[in-house]
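The structure under discussion appears below in the form of structure tokens.
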Number of protein chains: 2
Amino acid sequence: MKFIIRRDQLIASVQDVMKAISSRTVIPILSGMKIEAKQHGITLTGSDSDISIESYIPAEEDGNVNVEHIEEGSIVLQAKYFPDIVRKLPENTVEIEADDNLKITIRSGKAEFNLNGQDAEEYPQLPKMQTDDNFEMPTDLLKSMIKQTVFAVSTMETRPILTGVHIKLENNKLTFTATDSHRLASREIPIVNGSTEFSSVVVPGKSLNELNKILNDTEDAVEISVTNNQILFRTRHLNFLSRLLDGNYPETSRLIPDQSKTTLHVKTKELLQTIDRASLLAKEERNNVVRLNTQGDNQVEITSNSPEVGTVSEEITVQSIEGEELKISFSSKYMIDALKAIEYDEVQIEFTGAMRPFIIKPANEDPILQLILPVRTY
Amino acid sequence: MKFIIRRDQLIASVQDVMKAISSRTVIPILSGMKIEAKQHGITLTGSDSDISIESYIPAEEDGNVNVEHIEEGSIVLQAKYFPDIVRKLPENTVEIEADDNLKITIRSGKAEFNLNGQDAEEYPQLPKMQTDDNFEMPTDLLKSMIKQTVFAVSTMETRPILTGVHIKLENNKLTFTATDSHRLASREIPIVNGSTEFSSVVVPGKSLNELNKILNDTEDAVEISVTNNQILFRTRHLNFLSRLLDGNYPETSRLIPDQSKTTLHVKTKELLQTIDRASLLAKEERNNVVRLNTQGDNQVEITSNSPEVGTVSEEITVQSIEGEELKISFSSKYMIDALKAIEYDEVQIEFTGAMRPFIIKPANEDPILQLILPVRTY
């Protein structure tokens with residue numbers, strides 16, 4: 001195997017593929033990166049069994065030459081040193097060569113690295129997916145949906161299914177839902193071009209976080225296909241494959257109250273900053289509690305009390321308060337996460353009493369929904 | 001105590017003073033920050049017994065009002081929460097008030113924090129220093145001298161005196177020297193306006209690192225005074241006091257060879273990048289070794305070998321090689337540190353054989369000197 005490649009292209013691909021490679025893998029060869037050279041281009045592969053990423057660099061694209069002098073072949077190299085080597089090479093092109101004894105030579109300018117490689121035949125085959133049943137959506141919208149829900153997955157392994165995001169495609173509606181049983185985040189969008197439906201797909205939150213880091217913020221389509229135990233996200237030069245979580249995701253729709261006793265309209269940023277300040281005195285306690293009291297028809301008081309340190313209080317003027325007076329306590333962290341996910345400058349908060357879950361939505365009625373369970377403080 | 005202060009000024013001062021405050025102090029009140037209000041301005045104080053920092057905010061300066069409505073007094077507040085509180089307050093001014101019961105109120109806009117304070121009388125008095133015997137130097141030059149030497153202090157407590165930088169002022173020459181016994185860094189500058197001399201002052205490396213972070217990169221003077229066990233750095237609004245290390249600093253001048261058998265002139269950046277690349281395959285081993293071989297009169301080969309991973313080699317063209325041929329091995333980390341400290345685009349390296357310490361100097365003969373002991377590889 002031999003080829004000469006543009007260094008900037010190689011850096012970008014290596015960076016993406018590294019997201020799937022862990023140095024603490026139980027299958028030693030998976031600590032390596034597979035490089036495969038074909039006349040049409042170079043494919044890099046990384047995997048930790050849960051996530052597999054393939055990045056493709058075409059030899060030519062849009063009239064630009066990315067890779068030259070290709071002699072086909074494949075090799076696995078130790079991934080740990082490769083990103084730094086590529087990043088620090090002196091010239092804009094890199095020559096990579098592997099001989100029959102699995103010796104790899106990396107040359108750029110007068111610098112030469114000789115590395116020990118491993119046989120690509122020993123690298124596990126990625127599962128081939130039936131990708132006829134798929135649907136497409138804009139990449140930036142997928143990123144938004146991930147960001148608006150994935151933070152609410154559980155980090156506890158006591159109910160493993162809750163560490164994933166539930167994805168459902170039914171009646172041309174795609175829904176993402178995540179909950180750790182103290183709060184819930186969900187978002188729904190219409191899908192028009194889908195040739196598939198599914199209702200019980202749960203993708204590990206970790207996979208979606210890595211996917212979100214790799215995807216560019218572009219309107220270009222990402223194609224999504226699902227089988228029994230895998231989900232594939234495919235863009236022009238990237239295949240991102242994740243295993244699915246086993247088990248039944250709990251029915252969450254009945255958690256969501258369908259009526260409200262107190263409704264607040266408030267500027268997102270103002271409420272966010274006020275709650276952020278109120279939470280300052282209790283840094284250590286993870287889900288530190290703040291209290292919200294309505295006052296008349298457009299004032300809300302936010303307070304917090306940390307016995308050893310002191311107290312905070314702040315009043316904010318809101319757009320409107322409708323319905324009953326309310327005193328309610330909740331985790332400032334959950335509220336801050338929810339408000340950050342809303343991505344809209346005014347929110348509507350619907351309460352059904354101090355002991356019932358409440359809902360936060362963008363005031364524009366976009367189908368984003370954040371739900372938080374209050375905290376008993378007496 | 002009561003005053004209203006510009007928030008940006010308060011943020012900057014709090015940030016500086018926090019550098020001296022440790023949450024793991026054995027004297028509980030030192031986890032707090034002392035605030036003292038006088039009609040002419042506000043003084044913030046932090047200390048961890050080793051370092052003490054006082055930052056002064058004048059009520060008026062250059063026609064600008066920084067502090068208003070001052071009622072004199074003092075208090076100690078819990079430092080841990082204070083920086084975040086000040087940074088996140090909603091308005092450009094902050095009102096701080098302490099009552100006779102040591103209750104502190106911080107107000108900005110509609111936000112109000114009530115904190116428990118401690119009696120400023122219980123805060124340890126900083127030692128008053130005789131500051132008649134002092135000298136001045138430009139702040140940016142002091143920062144340079146610190147950066148060029150402090151990295152070479154020892155991090156091992158086996159010889160505590162080597163964890164400090166040796167500072168000497170004699171015959172109108174100020175010298176900073178640091179060594180961990182494997183390498184040495186020193187810099188000398190002329191001082192014209194000094195009313196003092198001293199020869200055995202050793203300042204903890206940690207103190208100088210913190211000082212370097214606080215000082216602005218300005219030509220304004222910093223005034224330095226020394227007593228038996230303290231050193232004081234004073235700028236317009238800052239007092240930085242550090243204890244000195246006890247003990248005799250070793251005589252280092254005899255370590256420095258006064259002749260050379262091989263002299264290299266080379267571009268600093270080129271050598272630095274080549275050695276950086278050669279060190280890539282041995283990330284874990286702390287002081288990983290590279291080998292330098294002269295080849296003819298203007299080629300140098302840098303190589304490195306990590307048995308399990310592979311080898312690196314690179315040739316660079318240097319400006320000149322004078323004297324004997326040379327093969328020498330040394331720690332790439334020490335060489336990289338030394339080259340970074342030089343701050344000049346060409347260096348002169350003087351070797352006296354493969355087993356003797358060698359010297360790295362800027363090619364412009366500035367009195368910066370870096371010395372490295374080679375490594376035996378056979």
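The values are calculated or read from the model by the stated rules, or taken from the named source; none is laboratory data. The model shown is predicted, which means the values in this text are computed figures rather than measured ones. Glycine gets a Cβ as well: all are built from the backbone with ideal geometry, and neighbour counts include every protein chain shown. Surface areas here come from the heavy atoms of the whole protein model, side chains and all, with no ligands, DNA or RNA. Shrake-Rupley method; radii C 1.70, N 1.55, O 1.52, S 1.80 Å.
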Name every residue in the stretch B:217-235 that is within 20 Å of B:Ser200 (Cα to Cα), among the polar types (S, T, N, Q) and surrounded by 15 or more Cβ atoms within 10 Å (Cβ to Cβ), in order of residue number. B:Ser225, B:Thr227, B:Gln230
Looking at A:Glu343, is it in contact (Cβ under 8 Å) with a residue 60 or more places away in the chain, surrounded by fewer than 14 Cβ atoms within 10 Å (Cβ to Cβ), at positive phi and not assigned by TED's automatic domain parsing to the domain that holds A:Thr149? yes
Among the residues of the stretch A:347-356, write down those that are in a loop (DSSP other than H, G, I, E, B) and open to solvent by 30 Å² or more (accessible area, probe 1.4 Å). A:Met355, A:Arg356
Give the number of residues within the stretch B:249-266 that are surrounded by fewer than 19 Cβ atoms within 10 Å (Cβ to Cβ) and more than 18 Å from B:Asn293 (Cβ to Cβ). 10
Identify the residue in the stretch A:19-31 that is open to solvent by 50 Å² or more (accessible area, probe 1.4 Å) and closer than 13 Å to A:Gln78 by Cβ and, among all such residues, is modelled with the lowest pLDDT. A:Ser23
Whether any residue in the stretch B:163-178 is basic (Lys, Arg), over 25 Å from B:Arg243 (Cα atoms) and either in the same structural domain as B:Ala37 (by TED's automatic domain parsing) or within 32 Å of the chain's Cα centre (by Cα) (or both) is what I want to check. no
Just one of (1) open to solvent by 10 Å² or more (accessible area, probe 1.4 Å); (2) within 14 Å of another protein chain (Cβ to nearest Cβ); (3) at pLDDT 95 or above trips up B:Gln78, so point out which. (3)
Out of contact with any strand residue (DSSP E or B) (no Cβ under 6 Å at 6 or more places or on another chain), open to solvent by 20 Å² or more (accessible area, probe 1.4 Å) and at pLDDT 90 or above: is that true of A:Asp246 in this structure? yes
May I ask you to list pairs of residues, at least six apart or on different chains, whose Cβ atoms are under 7 Å apart, with the first in the stretch A:75-95 being small (Gly, Ala, Ser) and the second being surrounded by fewer than 20 Cβ atoms within 10 Å (Cβ to Cβ) and outside any strand (DSSP E or B)? A:Ala79/A:Met18; A:Ala79/A:Ser31
When A:Lys128 is evaluated against the numbered criteria (1) free of Cβ contacts under 8 Å to residues at least 24 places away in the same chain; (2) open to solvent by less than 30 Å² (accessible area, probe 1.4 Å), which criterion, by number, is the only one it fails? (2)
Identify all residues within the stretch A:81-105 that are open to solvent by less than 50 Å² (accessible area, probe 1.4 Å), in a strand (DSSP E or B) and more than 9 Å from chain B (Cβ to nearest Cβ); write none if there are none. A:Val94, A:Glu95, A:Ile96, A:Ala98, A:Thr105
What are the residues in the stretch B:115-166 that are under 29 Å from B:Met33 (Cβ atoms), assigned to a helix (DSSP H, G or I) and in contact with a Gly (Cβ under 6 Å, 6 or more places away or on another chain), if any? B:Val150, B:Thr163
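Conditions tested, residue by residue: (1) acidic (Asp, Glu); (2) free of Cβ contacts under 8 Å to residues at least 60 places away in the same chain; (3) buried (at least 19 other Cβ atoms within 10 Å of the Cβ).
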{"residue": "B:Ile146", "(1), (2), (3)": "no, no, yes"}
{"residue": "B:Ala152", "(1), (2), (3)": "no, no, yes"}
{"residue": "B:Thr155", "(1), (2), (3)": "no, yes, no"}
{"residue": "B:Thr158", "(1), (2), (3)": "no, yes, no"}
{"residue": "B:Thr163", "(1), (2), (3)": "no, no, yes"}
{"residue": "B:Asn171", "(1), (2), (3)": "no, yes, no"}
{"residue": "B:Thr177", "(1), (2), (3)": "no, no, yes"}
{"residue": "B:Asp180", "(1), (2), (3)": "yes, yes, no"}
Taking the stated definitions as given, is A:Lys34 among the basic types (Lys, Arg) and open to solvent by less than 50 Å² (accessible area, probe 1.4 Å)? yes
Elements of type strands (runs of 3 or more DSSP E) in the stretch B:220-334, at least 3 residues being away from chain A (no Cβ under 14 Å): B:221-226, B:230-235, B:238-243, B:262-267, B:289-295, B:320-323, B:327-331
Set A:Leu238, A:Leu292: member being among the aliphatic types (A, V, I, L, M), open to solvent by 10 Å² or more (accessible area, probe 1.4 Å) and touching a helix residue (DSSP H, G or I) at 6+ places or on another chain (Cβ under 9 Å): A:Leu238
Every residue in the stretch A:11-44 that is more than 24 Å from the chain's Cα centre (by Cα) and assigned to a helix (DSSP H, G or I), please. A:Pro28, A:Ile29
Among the residues of the stretch A:107-130, are any within 26 Å of A:Lys361 (Cβ to Cβ) and away from chain B (no Cβ under 14 Å)? no
